[in-house]
1. Counting just the residues of the stretch 628-672 that are among the charged types (D, E, K, R) and touching a strand residue (DSSP E or B) at 6+ places or on another chain (Cβ under 8 Å), which one comes out surrounded by the fewest Cβ atoms within 10 Å (Cβ to Cβ)?
2. Evaluate the following for ALA632: is it modelled with pLDDT of 95 or more and touching a helix residue (DSSP H, G or I) at 6+ places or on another chain (Cβ under 7 Å)?
3. Can you work out which of the residues in the stretch 381-396 that are open to solvent by 10 Å² or more (accessible area, probe 1.4 Å) and in a strand (DSSP E or B) is nearest to LEU336 (Cα to Cα)?
4. Can you name the number of the only condition in (1) in a helix (DSSP H, G or I); (2) touching a strand residue (DSSP E or B) at 6+ places or on another chain (Cβ under 8 Å); (3) not small (Gly, Ala, Ser) that ASP127 fails?
5. Would you check if there is a residue in the stretch 20-30 being at pLDDT below 95 and in a loop (DSSP other than H, G, I, E, B)?
6. Quick check, is ARG391 without any contact (Cβ under 8 Å) to a residue 60 or more places away in the chain and of a type in the set (Lys, Arg)?
7. In the stretch 408-442, which residues are outside any strand (DSSP E or B), closer than 17 Å to SER376 by Cα and open to solvent by less than 20 Å² (accessible area, probe 1.4 Å)?
8. Can you tell me which residues in the stretch 504-525 are surrounded by 14 or more Cβ atoms within 10 Å (Cβ to Cβ) and either modelled with pLDDT of 90 or more or assigned to a loop (DSSP other than H, G, I, E, B) (or both)?
Amino acid sequence: MSEFTRTRFVNYQPATLKYFGKEDMQYSKLSSLAWPNVRDACGVGFIADIKGRKTHSILEKAISALRNLAHRGAVSADGLTGDGAGILTQLPHKLFLRELAKNNIYLENDNDLAVGVFFIENIANTDDIIKLIDAEIAESSLYHLMWREIPLNESVLGADAFSRLPIMRQLFLKRPVGTSDEEFERLLYLNRKHIEASLRKADIGRFYIPSFSSKKIVYKGLMVAQQLERFYPDLADPDYLTSLAVFHQRYSTNTMPKWSLAQPFRYLGHNGEINTLSGNVNFIEAREHVLKSKIWGDDIEDLLPIIEPGGSDSAALDNTLELLVMSGRDPIHALLMLVPEAFEGKEGIDKELKAFYDYNASLMEPWDGPAALALSDGRFAVAALDRNGLRPQRYWISRDGIVVVGSEAGIVNMPVSEIIEKGRLGPGMMLAVDTEKQELLLDREIKKRYSRRNPYSKWIKDCFVKPIKPIAKLADNLGSKELVQLQKTFAYSSEDFTRIFEPMLFEAKIPVGSMGDDTPLAVLSDQPQLLYRYFKQLFAQVTNPPIDPLREAIVMSLETDVGPRGSILEEDERSATIMHFKSPLIFANEFKWLSKQEHFKVAKFSVLFSSENVEDRLELALENLVKDTTEAAKSGAGIIIISDRGIDKDNIAIPMLLATSAVHHSLLEAGLRTKTAIVVETAEAREDHHFACLIGYGAALIYPYL
């Protein structure tokens, strides 16, 4: 079997493919009535011409596909306001040059044009915002051509959408002389960041910039798919030509629908959720202080914040993807880095590809879904699934070189005789069209090509630090009296033994509890509580039933990289210099080895403080811990160990979760978080929720010595 689940059907009879002809179009139109509760998730995909031919037909097919995915959206109580639909295409030069000519503006080269799209809150002072934007452009090397009021048909909107309809403008700009295509696009990105920063600082009204590019443009809004083409007359104009289009019908699950949060974003459309969002966003913020790039130089500071405030999970992923693409990677490379396949436990995986993923894992944590993605930078059209593959992505290829990718079959009326190949993406797979080189890239070719761009295997071999092999052996032979004293000190209870330890020890079972927990919330209880109990799991709709790295080993991994991290914007051998542990929970011999290894400087700190005048001394002890660990990180410590060893009647411990989070946040504020790893040695943590909290608040490794 090939890398895709594919079916070639040049010689098949039409009867076997009834969902690809006229019957399928009937199915598409009626599907929202026939199965209203079956396909209740975002509809996403792209249409692209492998030969790179720019036609209005590509846009028409994309709009048709979007209309046939309308049942994947939601509608407000007014019956007309949808939760978002949109389309991303190449810049329609013929249409926009015609608009420029109306104002006696002419360009020698079509590709010298760039267009920014602005959504301005309808209660804001539009004139002041436009003046500020013009002032920013005047400070740059870009040539200001004109503002265009986007033609709109407001009558198609529902009352809710109309009440929130933003003021919409397009800004036409010209390329500076002597600027390459890549430099032009980066200049636009930098100036958009300047504009966003200035508008936020001025605080004269809310705004959003859906696109600001010389290669692509976004038309989207708070509407259902059928309204999009009627609302934007540009989309029906025969002079609107493109060789690719990404489309998205949004089903709002995690955010309240807004004009700005409709998809696609500046690069991608996403069906699913980013379940690792908090960690992903926090680590991006931590990296902002240490970003380095030969491309950006001193301008790197002007790109911050990387992730724009107020966005959704999809918007945060789009912001990060944009930074990587603008800093030198193409969108395929960036997506392989952000949303890797499940490579850790995959049998028979190519060694070079494994090294590629291992290297990139040292730079960037995966943005795990479920996720079905379609994206474009104006040259490539790319579709991908995350490692779990829990969202559908089907594709069709026509004899004439048209590629259709979508969330379900039958979204485009394509005669069976014209289809030469069809299939679906599997977990972690990709498909791409390069309209410049006129190539169709399948999963195996993509991964072979990108995994051999650098000597990743050599970098991993030379720079990855292999820890000592773990041995499941106790470090301390505690007497029964000392053992009980420690257990009492750290508030172990009989329930810990009966509910957690005994099932594992005597029956080799995972301790499982009921979701019907009637225990009072810690904040409302009159009984002493561990700090961990004040934290509850955030709800995630896609993790029911629960998954774990044993039953789901093919897609899950506990492997943990430890050590100073390199810049995500550059690829070099030094970025691979880290330690690679199989789990964030380590045994005694691993902890002992880690404490004495010479690859990274280690600094160890106690969280103990005097038991006298506890209320006064706790805050001081925490302040001293934060100060000392921050100084250690500044002095080059790549590993910071915090420990509650040595507790006795005269010395008590700062709660380990409090200590860990305080150190983590102080390092974040000092811009040092990516320069060091926090390792916790504690007797306090003993159940999965404790470990999850410690990891969530900054611990890379935990040695639970009791």
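The values are calculated or read from the model by the stated rules, or taken from the named source; none is laboratory data. What you are looking at is a predicted structure, and each value in this text was computed from that prediction instead of being measured. Glycine also receives a Cβ, built like all others from the backbone with ideal geometry; neighbour counts cover every protein chain displayed. Each accessible area value is taken on the protein alone, full model and side chains, heavy atoms only, with ligands, DNA and RNA left out. Shrake-Rupley method; radii C 1.70, N 1.55, O 1.52, S 1.80 Å.
1. ASP650
2. It is false that ALA632 is modelled with pLDDT of 95 or more and touching a helix residue (DSSP H, G or I) at 6+ places or on another chain (Cβ under 7 Å).
3. ARG394
4. (2)
5. yes
6. For ARG391, the condition - without any contact (Cβ under 8 Å) to a residue 60 or more places away in the chain and of a type in the set (Lys, Arg) - is not met.
7. THR435
8. Residue satisfying the conditions is PRO511 alone.
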